Amino acid sequence: MKIIKAEVFVTCPDRNFVTLKITTEEGVYGIGDATLNGRELSVASYLQDHLCPQLVGMDASRIEDIWQTFYRGAYWRRGPVTMTAIAAIDMALWDIKGKVAGMPVYDLLGGASREGVMVYCHATGHSIDELLEDYAKHQEMGFKAIRVQAKVPGIASNYGISKSKGAAYEPASKGIRPDVESWSTEKYLNFAPKMFEAVRNKFGFDDHILHDIHHRLTPMEAARLGKSVEDYKLFWMEDPTPAENQEGFRLIRQHTTTPIAVGEVFNSIWDCKQLIEEQLIDYIRSTVTHAGGITHMRRIADFAAMYQVRTGSHGPSDISPIGMAAGLHLDMWVPNFGLQEFMGYSERMLSVFETNWTFENGYMHPSNKPGLGIDFNEEEAKKYPYQPANLPIARLEDGTLWNW
Ligand code: GCO
Ligand code: MG
């Protein structure tokens, strides 16, 4: 199974995606997602300039050895660019292995642990009323788990709100410079409990509701929020505080039983070692695309299982449908599965990435096709050249740069 080609494609069907395609001398190919929002070309270059030339000639069946070679062999370990590049290679190799074996990837991992993968969607609004409207719409679509975000009164623009009513939420914006959002912890902490109260009053307690704080609070502020919303029984509060300071989560834990989900920006098991070992979180949100592929995510999940931490993988529109498909295969197998995020994709995106997954009644299935069960249409992709785009930054009302 000698690799004869490793090609990188950057395409922008509404947003930028980076795709790796590996072909073997038998003519079998596999695809992997190498998208890192706002830093796409760095991963493309890392692959194109450094890893792809080395891949040619390697044996595609040796997924583990190739992973170790690119992780340990670079000497410089970890980091989002490196780990996203390794992830894309890993995904493509699992895709090839599945195609050769005639099995879906979840079967190669040990087989399905469930009938379907519960996914959560996003409901947003520029006001609580608009959020309630959007929530009802998603409930009708069948979702059983819904993330709720609303514009905080008095803040010019904050995280998680679509640019116009009814539009899909997309954090990145086109152009050279990032948009600037604003932040006020005081206004947010006054508002957030009212938002959850309105949702529970109107829709009751049957659905899981979730909320993303997006790294904005200090540990003590997060503890206060968690405590003040316990009655609304959140499935999780996400990224309450930046997680470089892992012991900071001890403080949150001492004050609240609101479950915590963290890890979408992590790229290695080392980023969550203490959080998991000390049971400072309930859900680990790392993904196949940003944390070293299926090979490494499986290690993180097994480690988390020892501490009753479950998976809650990130699934925004900036992970390509290939990364989403790979995530769904992992979700089907992983015994300590919690929940999977699914933001969905535009029609244009789905003309480039041909998916076979299904969605029914709040649950997704990755398909039983051999490999990842997804294809990449190179001709369509060529119609949409790369466009510079950036994630926003956040500033406090006095201009201080804050965590976005
Ligand atoms: C989420 C995320 C995203 C990120 C985005 C950054 O929970 O879905 O926080 O909205 O902001 O993936 O690239
Ligand atoms: Mg998030």
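The values are calculated or read from the model by the stated rules, or taken from the named source; none is laboratory data. Small disclaimer: the values here were computed from a predicted structure and weren't measured. Note: ideal-geometry Cβ built from the backbone for every residue, glycine included; neighbour counts use all protein chains shown. For the accessible areas, the whole protein counts, side chains as well, though only heavy atoms, and no ligand, DNA or RNA atoms are used. Shrake-Rupley method; radii C 1.70, N 1.55, O 1.52, S 1.80 Å.
What are the residues in segment 218-237 that are closer than 14 Å to Phe196 by Cβ and within 16 Å of ligand 1 (Cβ to nearest atom), if any?
Those that are closer than 14 Å to Phe196 by Cβ and within 16 Å of ligand 1 (Cβ to nearest atom): Leu234, Phe235, Trp236, Met237.
Between a first residue in segment 100-125 that is in the same structural domain as Ala150 (by TED's automatic domain parsing) and a second residue that is among the basic types (Lys, Arg) and open to solvent by less than 10 Å² (accessible area, probe 1.4 Å), which pairs have beta carbons less than 9 Å apart while being 6 or more apart in sequence or on different chains?
Correct list of pairs: Tyr120/Arg147; Cys121/Arg147; His122/Arg147; Ala123/Arg147; Thr124/Arg147.
Within segment 131-166, work out how many residues are of a type in the set (D, E, K, R), open to solvent by 40 Å² or more (accessible area, probe 1.4 Å) and at pLDDT 95 or above.
Adding up the residues that qualify gives 5.
Just give me the residues in segment 260-270 being touching a helix residue (DSSP H, G or I) at 6+ places or on another chain (Cβ under 9 Å) and within 20 Å of His214 (Cα to Cα), in sequence order.
Those that are touching a helix residue (DSSP H, G or I) at 6+ places or on another chain (Cβ under 9 Å) and within 20 Å of His214 (Cα to Cα): Ile260, Val262, Gly263, Val265, Phe266, Asn267, Ser268.
Determine which member of the set Lys5, Lys99 is farther than 27 Å from Glu264 by Cβ, more than 24 Å from the chain's Cα centre (by Cα) and either assigned to a strand (DSSP E or B) or of a type in the set (S, T, N, Q) (or both).
Lys5
Has segment 62-81 got any residue that is within 19 Å of Ala325 (Cβ to Cβ), without any contact (Cβ under 8 Å) to a residue 60 or more places away in the chain and open to solvent by less than 20 Å² (accessible area, probe 1.4 Å)?
no
Of everything in segment 257-279, what is of a type in the set (Ser, Thr, Tyr) and open to solvent by 10 Å² or more (accessible area, probe 1.4 Å)? Give them in sequence order.
Thr257
Going by the structure shown, is Lys144 more than 30 Å from Gly373 (Cα to Cα) and under 22 Å from the mean Cα position of the chain (by Cα)?
For Lys144, the condition - more than 30 Å from Gly373 (Cα to Cα) and under 22 Å from the mean Cα position of the chain (by Cα) - is not met.
I'm trying to understand the selection: among the residues of segment 84-119, which are on the phi > 0 side of the Ramachandran plot and either crowded, with 24+ Cβ neighbours inside 10 Å or in contact with a helix residue (DSSP H, G or I) (Cβ under 9 Å, 6 or more places away or on another chain) (or both)?
Gly110, Gly111
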